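Undergrad: The structure follows.
The values are calculated or read from the model by the stated rules, or taken from the named source; none is laboratory data. Being a predicted model, the structure only gives us computed values, none of them experimental. Here the Cβ positions follow ideal geometry from the backbone for every residue, glycine too, while neighbour counts run over all protein chains shown. Side chains included, ligands, DNA and RNA excluded: accessible areas come from the protein's heavy atoms. Shrake-Rupley method; radii C 1.70, N 1.55, O 1.52, S 1.80 Å.
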Amino acid sequence: MLQAQLVCVECGAVARGGARGWRAVLADDEEDPPPEIVAYCPECAEREFDRRAD
Ligand SMILES: [Zn+2]
């Protein structure tokens, strides 16, 4: 792991016990390099990445 601790970039939750369900994504901001890895807790990951069409 690159980070000793995962903190959700959305809600600030801290991962514990293996960070199951968490997602780490590369935030590639073209205007502010270099890219950095940000983490999402399971709840925020679902909201961010698994949106369902209404
Ligand atoms: Zn979160």
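Undergrad: Does residue 4 satisfy the condition of being open to solvent by 60 Å² or more (accessible area, probe 1.4 Å), at pLDDT below 90 and assigned to a loop (DSSP other than H, G, I, E, B)?
TA: yes
Undergrad: Go over the candidates 15, 27 one by one and state the one that is away from the ligand (no atom under 13 Å from the Cβ), open to solvent by less than 70 Å² (accessible area, probe 1.4 Å) and under 13 Å from the mean Cα position of the chain (by Cα).
TA: It is 27.
Undergrad: Just checking, how many residues over segment 20-54 are touching a residue at least 24 places away in the same chain (Cβ under 8 Å) and aromatic (Phe, Trp, Tyr)?
TA: Qualifying residue count for the region: 2.
Undergrad: Restricting to segment 30-52, and then to whatever is part of a loop (DSSP other than H, G, I, E, B) and out of contact with any strand residue (DSSP E or B) (no Cβ under 6 Å at 6 or more places or on another chain), can you tell me which residue is nearest to the ligand (Cβ to nearest atom)? Steps first, please.
TA: Let us first name the residues in segment 30-52 that are part of a loop (DSSP other than H, G, I, E, B), namely 30-35, 41, 50-52.
Now restrict to residues that are out of contact with any strand residue (DSSP E or B) (no Cβ under 6 Å at 6 or more places or on another chain): 30-34, 50-52.
Values: 30: 25, 31: 24, 32: 22, 33: 25, 34: 24, 50: 13, 51: 15, 52: 18 Å.
Per the criteria, the residue is 50.
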